[in-house]
Amino acid sequence: MKSRAVFVSVATLAIGLFFPAVAHANPLDTFGFGSREAAMGGAVSADVSDFSANYYNPAGLARAKGLELSFGYFRADHFLKTNGRENSVDPVRGLVAGIVAPGKLFDIPFAFGLGLHLPDDRISRIRALPQTEPRWELYDNRNQRLYLAANLAVSPWPWLQVGGGLSFMAATEGTLDISGDANILSPQNSQLRHEVDADLTAIRYPQMGARIALSKKTAIAVVYRGQFQLDLDLRAKLHGDLAPFTTAFYALEAKSVDAFLPQQVVVGGSWELTDRIRANADFTWVNWSAYISPVANLAVDLNIPPPQGGWPANITPPTVPTPTKVVPIAMHDRLVPHLGVELEPLKLRKIEGFVRAGYEYQKSPISPQTGITNYIDRDRHAFSAGLGVKLLAPLRELPGDVRLDLHAQLSELSNGMTTKTDPSDLVGDYMAGGHIWNVGFTTTVGF
Amino acid sequence: MRLGRAQLAAFFATAFAATSAHASPEDLFGFGTRSPAMGGTGAAHAEGFEASYDNPALLSLSHERRLSLGFQGATYSLSASGAGEPGHVSYERAKGILVGAVLPMPFGGVLKDRIAFGLGAYTPTDIVVRGRILYPETPQFALLGDRSQSLGIRLGLGADVTHGLRVGVGFAALAELVGEVIVATDASGHVGSNVDAQLTATYAPIVGASYEHDLAHGLLRIGGTFRGQLDARFGVEIDGSKLSTLNIPIFNIAGLAQYDPAEIALEGAWANRDWTLALGATYKHWSSYPGPIEPTILCPPDQPDCGALQPTKIKYSDTLVPRVGVDRKIEMTKSAVAHLRVGYWFEPSPLPSQIPASQAWNSPAQTTTYVPTRFFDASRHVLTLGGGLELGNPMKHSMPPGEEAKSRPERPFNLDVYSQIHVLQPRTVTLERGPNGEGDDPGFGDAKLTGTVLVFGMIAGAAF
């Protein structure tokens, strides 16, 4: 039995490593996944068994008692300001959904899970800003992305669950070619064509976790989430005539990192203090120091020979641009504490009720922006609360349970001054801070 | 200018991301391993997660949770010969991972054992998606080669309604990109830009139904599936008109990266204890296909016939694909069952035999000219072959007494393989000159098309 259990555990993880999932730079790091978990400050790595285990700890999937389907929605609105002016950072909003399908394989508890966050407006967004332009680096664009993950988990012994999966992302490489005749006197008569030849190449990274029950009331967990970066390797060529004057050739090669998610290690614990009170704590180490600035390294070739007789007086041709020196972003590793508590004040035969609260603190990983770059960030204190209700066997057709969970989270980004070393800096000193509201719900049908 | 370059790079990033539109290799080869081994039939007999594509109504046949994992690959040997033609037209081999799951919903009461959910995905191993829109004079089997190089995802829900009637719905999802890039000179004299582009989801519905009736010597089932048109466009405008005193036109970098036509599949299948026979046809609405490329310069609304180059319009035709498939079940032991499968389908080409020329700019002559439109395709005869094994639990004997009975299902493991050979029916297409005989490319005239495609796949599954 023991060797079989080990075999199945290893086999499951091996399968997990080949099992595809898609996960982009992660809005769930900031806003949580599932209302119960968001309300508890994300401190659930040792206390999760529903669809959100796909993100918090895949091992938790093997704790599910039956098939579960979950569906919900959340919306996070940013109220972030610099020098008292609202910065119009777009909200993050969209549905969350997931499946947990437990069963037995070789008579050992086994589970398969899927988790999804699908933004309302888009799957992902590319927004390019120069390194000098102020932006909330961790909130402006990184969270505007799809999250989709699949995992497998087993429980070879009642006190141990292990799980994992392999997520993949897409890096980009390709060529764009525009050719023909650009008529600068009558643009709509330009004789231009274009060609695109590009691949999104697969980037894979692992995620895995384990949970150990130390007793009936105490459990600990460890989770690893791999790092990924999305390279952009692009070549573009524009060549042809600038009618009626001359010819033009423009070639560009850009190498950059479009998105970067640092690796993370989570260590957590869960304690059932009484029959109706549970307390959790997670500590997440985030390898922010590996972060790569999302600014492109460029090589440009521009050739527009002057026409015979020179350019007309009213036309100033473009000149060969000088190379941009990309200033690396300096970031520091951080240990992010998450705390959560869950009370069960209502426990009847057909209905149970829950009250939850949580807190997390992330010290800003970004070094003070005293130079030409303006990657704004501030320390974040996130306070959360939530309610839950569980209906037990509400209908003959639903012999399991139906759960509804609500959450609200307030993130306070403390006001602070960014002071430039160069008094002639074009952006200058600025005060920045604000808060973020995150509210949502999740419904789960358990069979 | 440095700001402008950075933004331009970002634009190209978005333009390429646009090609992250996905398509369906399943439209070329079928989905899973059982259906592709049986001539691409399945609207009346699909099993497991394959039904999420073939006919979601048949997901309701599944009464056990099953997870499947496998791989699929294809190699191309395509040729275009004739004056000015390259002979061999190279395409990278396709290879990818198949993943599927079917999850019966354990409702109680009147819904018991009636509803199941299924999902399936094919993801290439090396790439997620290939977006290739080439100049029309480049030889290309555009409806065949790169269409297999993309992620395909299908989800479905099937219900056993009553008295042999089953219905199902599902969808396929792709991503497309829209956005704009405005490059301009700001007040300080620096060149800056605004890049805003996003990937958005586009969906196509799948609706299916089936009706089955017990006969004296087996079961007869009729199935029908509608799959909506699935396309992934990209469209990004670059506006550099305010960049300098040069009156640069607005570039419309746009096209259709991937496209599956709307389809209706109708099929009948007869099955008894040992045999499954299926016969059907799929109607594909190719006449709505607008072609892959859009003009680089859009004419203003008040000047619809401006002098900008326009991509040539090709009249694609609707097609009807006949299919036949057979599955022979052989019970070797109580815990081991083998399957042998064969099938055939004929895929007519939607491409006409006369292909009009495309406009291009002749720089040395400083005039518009015509080039051959080398969009190639030919009808395909597809022979399919496959096999499968259903196996019992090898650990059963080590289980304590009484545990064996609880272990379900009887044969929880399966292994299925298939192979296909697509033989292009030799065909001659005429690459026409311009409307007034323009064009001096040696490639105008006839091109003879031949080729084969080899496909293989394998899946292992486990019920849990």
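Every number in this text was worked out from the coordinates using simple rules, so none of it is lab data. Computed from a predicted structure; not experimentally measured. When we count neighbours, we look across all protein chains shown, and the Cβ atoms used for this are built from the backbone with ideal geometry, even at glycine.
Key figures
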| quantity | calculated |
| --- | --- |
| Relative contact order, percent, chain A [alpha-carbon distance under 8 Å, six or more residues apart] | 19 percent |
| Helix A:2-18 vs. chain A, principal-axis angle (Cα, 0 to 90°, nearest 10) | 20 degrees |
| In sequence order, calculated HN-Hα J values of the stretch B:207-219 (Karplus, 6.51, -1.76, 1.60; Hz; x Gly/Pro) | 10, x, 8, 8, 9, 10, 9, 6, 10, 4, 10, x, 10 |
| Electrostatic dipole magnitude of the protein assembly as shown [Cβ: Lys, Arg +1; Asp, Glu -1; Cα centre; debye, to 20] | 2820 debye |
| When the stretch B:2-463 is reduced to its Cα atoms, the Kirkwood hydrodynamic radius in Å | 24.3 Å |
| Under 22 Å, Cα to Cα: Lys pairs in the stretch B:2-463, sequence gap 8 or more or different chains | 8 |
| The stretch A:173-187-the stretch B:138-175 distance, computed between alpha-carbon centres (Å) | 37 Å |
| Amide H within-cut-off set for B:F376, under 5 Å, with H built and near neighbours excluded | B:Q140, B:F141, B:A142 |
| 3J(HN,Hα) from dihedral phi, the stretch B:335-340, Karplus parametrisation 6.51/-1.76/1.60, rounded to Hz, x for glycine, proline | 10, 9, 10, 10, 10, 10 |
| Using distinct alpha-carbon pairs, which all enter the 1/r mean, Kirkwood radius of the stretch A:2-446 in Å | 24.3 Å |
| Angle in degrees between helix B:2-17 and the longest Cα principal axis of chain B, rounded to the nearest 10 | 40 degrees |
| Globularity ratio of the protein assembly as shown, using Cα Rg and 2.2 N^0.38 Å | 1.01 |
| Net +/- balance of residues flanking A:A279 in space, Cβ distance below 14 Å, scoring K and R +1, D and E -1 | -2 |
| Residues whose placed amide H lies under 5 Å from that of B:R65, excluding near-sequence neighbours | B:F464 |
| Span from the the stretch B:436-455 Cα centroid across to the the stretch A:62-140 one, whole angstrom | 49 Å |
| Residue range of chain B that is longest and free of trypsin sites (Lys or Arg not before Pro) which are both DSSP loop and sparsely packed (at most 11 other C-beta within 10 Å) | B:1-272 |
| Label-point separation in nm, A:M417 to A:I220, each point 7 Å along Cα→Cβ | 4.6 nm |
| Per DSSP, loop GluC sites (Glu not before Pro) in the stretch A:320-402 with at most 14 further Cβ within 10 Å | A:E397 |
